[in-house]
Amino acid sequence: MTATPNLMKTHHPDKVIGESQKRMILEYLLTGAYLTPGEAWNMFGCSKLATRISELIHEDEWPIKSREIKVHSERFGKKRVKQYSLFPFEDTL
């Protein structure tokens, strides 16, 4: 009988979740899409997009670019957030 590895026993749960989120974020960015923290939360349940992006840049060496954009928030009104992309930004703002 072969034992199935239990990731929760061998890795901290936050690390497992972070790796899964990194994979989903990278797959999404590879489509050419842009990503903001609000979108990352809605799509992937990721509350630490800047951390995941930093890991993709520094640990995995992906050339992710960022820029600040203004978004409207019902709670905060207009605010600036980071928007990330693997490809050059088109000036559509």
- Flagged in the stretch 42-61 as part of a helix (DSSP H, G or I), under 15 Å from residue 83 (Cα atoms) and not aliphatic (A, V, I, L, M), in numbering order, are 42, 51, 52, 54
- within 13 Å of the chain's Cα centre (by Cα) and open to solvent by 90 Å² or more (accessible area, probe 1.4 Å) - does that describe any residue in the stretch 46-56? yes
- Every residue from the stretch 58-83 that is among the aromatic types (Phe, Trp, Tyr) and over 13 Å from the mean Cα position of the chain (by Cα): 76
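The values are calculated or read from the model by the stated rules, or taken from the named source; none is laboratory data. Keep in mind that this is a model prediction, so the values were computed, not measured. With ligands, DNA and RNA removed, areas are computed over all heavy atoms of the protein, side chains included. Shrake-Rupley method; radii C 1.70, N 1.55, O 1.52, S 1.80 Å.
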